[in-house]
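These notes concern the structure reproduced below.
The values are calculated or read from the model by the stated rules, or taken from the named source; none is laboratory data. Small disclaimer: the values here were computed from a predicted structure and weren't measured. Positions of Cβ are generated from backbone atoms using ideal geometry, with glycine treated the same way; all protein chains shown enter the neighbour counts.
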Amino acid sequence: MTDMDFNTADTQDSAFALIPANTLAKVCLTIRPGGAGPEGWLTQSRSSSALYLNSEAVIADGPNARRRIYTRIGFRGRNAGTGAEDTYANRGRALLRGILESAHGVRSDDTSEQARAKRSIRSFGDMSGLTFIAKIGIERDKNDPNDQGRNVIVAAIGPQHPEYAALMGTAPAAYAAAPATAPATLPNTSPNGNAPFWAQ
């Protein structure tokens, strides 16, 4: 049998190299159920009472195509219920809003009924399959000075960003085809005006 020569094969350097911070990329999101919270979509922290969404985003195209980015999206911080501000949950809610706006082509300053409806979901499962523009960052373990870090999604980029249209390709069809008038009661909003379960 003739020897197989792998000297000309690509190296694995790219598999371990971090994507530079502040890189923008089109990604497709998947929420990986952790068995906690409403419908089991949340994941319970192993070290505290914190809850988060365990997300995986696959880069759709460009030089980093098919790379996967794993990000924990906060739902409840370890100090929730103590009277202190839950910054962990607030950051998570802000990121979820940004993802919905990016996926549906909604500007952050759009307060129309149509835009409000696009920011509502019935279940965390509705987040899976969304395609949006992500700003990628690098997260490092503060307790480990030798930690090389890992890529995470630090923000979702909406249509107000100058690079959004080029990265997304076209305006999301879901938003362009939305009806001119929103239903009297927005999805996930109870008749008495309370926020949906995931926003409480």
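Things to note:
- The single condition among (1) surrounded by 22 or more Cβ atoms within 10 Å (Cβ to Cβ); (2) in a helix (DSSP H, G or I) that Tyr52 does not satisfy is (2).
- If only residues of the stretch 127-157 that are of a type in the set (Gly, Ala, Ser) and more than 13 Å from Cys28 (Cα to Cα) are counted, the one that is nearest to the chain's Cα centre (by Cα) is Ala155.
- Pairs where the first residue, in the stretch 119-132, is without any contact (Cβ under 8 Å) to a residue 40 or more places away in the chain and the second is surrounded by 17 or more Cβ atoms within 10 Å (Cβ to Cβ) and not polar (S, T, N, Q), C-beta under 8 Å, 6+ apart: Arg119/Leu100; Arg119/Glu101; Arg119/Val106
- Any pair with Cβ under 6 angstrom, 6 or more apart, that starts in the stretch 94-108 at a residue that is on the phi < 0 side of the Ramachandran plot and ends at one that is at pLDDT below 95: His104/Pro172; His104/Ala174; His104/Tyr175
- When Gly129 is tested against the conditions (1) at negative phi; (2) not in a helix (DSSP H, G or I), the lone failure is (1).
- Selection status of Val27, in contact (Cβ under 8 Å) with a residue 60 or more places away in the chain and among the aliphatic types (A, V, I, L, M): yes
- Residue selected from the stretch 136-166 under the condition charged (D, E, K, R), surrounded by fewer than 11 Cβ atoms within 10 Å (Cβ to Cβ) and at pLDDT 90 or above, by the criterion nearest to Asp110 (Cα to Cα): Glu163
- Residue check for Arg78: under 17 Å from Thr131 (Cα atoms) and part of a loop (DSSP other than H, G, I, E, B): no
- Screening the candidates Ser48, Ser55, Ser108 for the property of being of a type in the set (Ser, Thr, Tyr) and modelled with pLDDT under 95 yields one hit, Ser48.
- When Leu96 is tested against the conditions (1) in contact with a strand residue (DSSP E or B) (Cβ under 9 Å, 6 or more places away or on another chain); (2) over 20 Å from Arg32 (Cα atoms); (3) modelled with pLDDT of 95 or more, the lone failure is (2).
- From the list Arg32, Arg76, Arg67, the lone residue that is surrounded by fewer than 17 Cβ atoms within 10 Å (Cβ to Cβ) and not small (Gly, Ala, Ser) is Arg32.
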